[in-house]
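*Asks:* Quick one: structure below, then a few questions.
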C-alpha cells in the first residue's frame, strides 16, 4: 500500500492510473476506521482496479463548539487496517496541504439541509461538499462509496454530483451494525457502558416504525410518536429529532408513499448517535 500526503502527488498518480485505463474506487473517510469503512473498501474492491482511501478530518464541516479537536484519531492503527483491507493508495493530507491558501470562493448547499442534522449544524454540509469537490478533483474516481448510516450526507452529495456534473458514480452501502443492531460509528467510543447497553434502542425504535408503515399505518404523527415513546422508555438519551421524509429529496410527507427515510438522532452524555432506515412503499 502506498501512502501519499500531498494533493499534488495524489492528483498526478490518479492521472497516471486513468491514463493506464485503470478504474478507481474511492472511499473518503475522516479516519478512526471501523467495520463500516472496511465494508466500503470490500465493496469497492469488487468493482475497481485501484482502491484509494482518504483520511482527512475536515475542519470546514465542524462548527463552533463541535468536536473537531477531540475527534478520535489514530493514524498508525488506520494505516494498518487500510492495508489489511486491501487499500492500494492511502491519501492522508494535512489541512495546510488541502487548504493551501485563504479561500476566495465558497460552496453553499441550497436544498436537503433544512432538516435532520442540518438544522443544528449550519454550514456543516457546505464544508462537506467543499472537501468532497476537492477530493473528487484530486482522486478522479470512477466510483465513490458512502455508507447509508449518514443518509443525509449521501442525499446532499448526490445533489452535488448532479449539479456539478462530476463524472463519478456514487455507490450507497448499507449500514454496518453490531450484533445488537447499533450502527458502527467512530463516535461509539464516547459511550459509557450503560449508554452502550441503551444505544441499540435507537435502531429498534426505527424498526418498529418501519413495521407500522409496512402494516398499513398512514398517520405520520402516530408513527413518529411511536419512535419517541420507545426511546423515552428505553434510554436516558435526549431526543434530537425523529423525521419521516422523502428520499433523497428529504421533503416532508403527508402520508407514507414512495421512497422514504425514517431517521432519528439522540444525545447521550458525550455521544450523539444518528440512524435511519430507508423504506420503499
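The values are calculated or read from the model by the stated rules, or taken from the named source; none is laboratory data. Because the structure is predicted, anything quoted here is derived from the model rather than measured. Every residue, glycine as well, gets a Cβ built from its backbone with ideal geometry; the counts of neighbours run over all protein chains shown.
*Asks:* Among the residues of segment 107-120, is there at least one that is touching a helix residue (DSSP H, G or I) at 6+ places or on another chain (Cβ under 9 Å) and either closer than 30 Å to residue 21 by Cβ or not assigned by TED's automatic domain parsing to the domain that holds residue 146 (or both)?
*Replies:* no
*Asks:* Regarding residue 153, is this residue crowded, with 16+ Cβ neighbours inside 10 Å, assigned by TED's automatic domain parsing to the domain that holds residue 34 and closer than 23 Å to residue 227 by Cα?
*Replies:* Taking the combined requirement at face value, the residue satisfies it.
*Asks:* Further question: Name the single residue that is surrounded by the fewest Cβ atoms within 10 Å (Cβ to Cβ) among those in segment 56-77 being within 19 Å of residue 7 (Cα to Cα) and out of contact with any helix residue (DSSP H, G or I) (no Cβ under 6 Å at 6 or more places or on another chain).
*Replies:* Among them, the one singled out is 75.
*Asks:* Among the residues of segment 261-273, write down those that are under 18 Å from residue 176 (Cβ atoms) and surrounded by fewer than 21 Cβ atoms within 10 Å (Cβ to Cβ).
*Replies:* Hit for segment 261-273 is 271, nothing else.
*Asks:* For segment 46-58, how many residues meet the condition of being free of Cβ contacts under 8 Å to residues at least 60 places away in the same chain and either within 18 Å of residue 186 (Cβ to Cβ) or in contact with a strand residue (DSSP E or B) (Cβ under 6 Å, 6 or more places away or on another chain) (or both)?
*Replies:* 5
*Asks:* Look through 40, 13 and report the one residue that is surrounded by 14 or more Cβ atoms within 10 Å (Cβ to Cβ), within 23 Å of the chain's Cα centre (by Cα) and assigned by TED's automatic domain parsing to the domain that holds residue 54.
*Replies:* Unique residue meeting the criteria: 40.
*Asks:* So which helices (runs of 4 or more DSSP H) stay within segment 65-183 end to end and still have 2 or more residues that are touching a residue at least 12 places away in the same chain (Cβ under 8 Å) and under 15 Å from the mean Cα position of the chain (by Cα)?
*Replies:* Fully inside segment 65-183 and qualifying: 124-139, 151-164.
*Asks:* May I ask you to verify whether residue 241 is closer than 15 Å to residue 264 by Cα, touching a helix residue (DSSP H, G or I) at 6+ places or on another chain (Cβ under 8 Å), touching a residue at least 12 places away in the same chain (Cβ under 8 Å) and outside any loop (DSSP other than H, G, I, E, B)?
*Replies:* Against the criterion (closer than 15 Å to residue 264 by Cα, touching a helix residue (DSSP H, G or I) at 6+ places or on another chain (Cβ under 8 Å), touching a residue at least 12 places away in the same chain (Cβ under 8 Å) and outside any loop (DSSP other than H, G, I, E, B)), residue 241 qualifies.
*Asks:* Could you go through segment 126-140 and let me know if any residue there is at pLDDT below 95 and over 19 Å from residue 273 (Cα atoms).
*Replies:* No, segment 126-140 contains no residue that is at pLDDT below 95 and over 19 Å from residue 273 (Cα atoms).
*Asks:* Moving on to the next point. Residues that are farther than 22 Å from residue 115 by Cβ, buried (at least 17 other Cβ atoms within 10 Å of the Cβ) and not assigned by TED's automatic domain parsing to the domain that holds residue 50: does segment 234-246 have at least one?
*Replies:* There is at least one residue in segment 234-246 that is farther than 22 Å from residue 115 by Cβ, buried (at least 17 other Cβ atoms within 10 Å of the Cβ) and not assigned by TED's automatic domain parsing to the domain that holds residue 50.
*Asks:* Let me ask you something else. Any idea which of (1) over 19 Å from residue 131 (Cα atoms); (2) in contact with a helix residue (DSSP H, G or I) (Cβ under 9 Å, 6 or more places away or on another chain); (3) surrounded by 14 or more Cβ atoms within 10 Å (Cβ to Cβ) is the one residue 84 doesn't satisfy?
*Replies:* (3)
*Asks:* Report yes if some residue within segment 96-115 is surrounded by fewer than 17 Cβ atoms within 10 Å (Cβ to Cβ), closer than 18 Å to residue 53 by Cα and either in contact with a strand residue (DSSP E or B) (Cβ under 9 Å, 6 or more places away or on another chain) or modelled with pLDDT of 95 or more (or both); otherwise report no.
*Replies:* Yes - at least one qualifying residue is present in segment 96-115.
*Asks:* Count, please, the residues in segment 250-260 that happen to be modelled with pLDDT of 95 or more and either surrounded by 15 or more Cβ atoms within 10 Å (Cβ to Cβ) or in contact with a helix residue (DSSP H, G or I) (Cβ under 7 Å, 6 or more places away or on another chain) (or both).
*Replies:* The qualifying residues number 2.
*Asks:* Of all the residues that make up segment 16-37, how many are assigned to a loop (DSSP other than H, G, I, E, B) and either out of contact with any strand residue (DSSP E or B) (no Cβ under 6 Å at 6 or more places or on another chain) or not assigned by TED's automatic domain parsing to the domain that holds residue 168 (or both)?
*Replies:* Total satisfying the criteria: 7.
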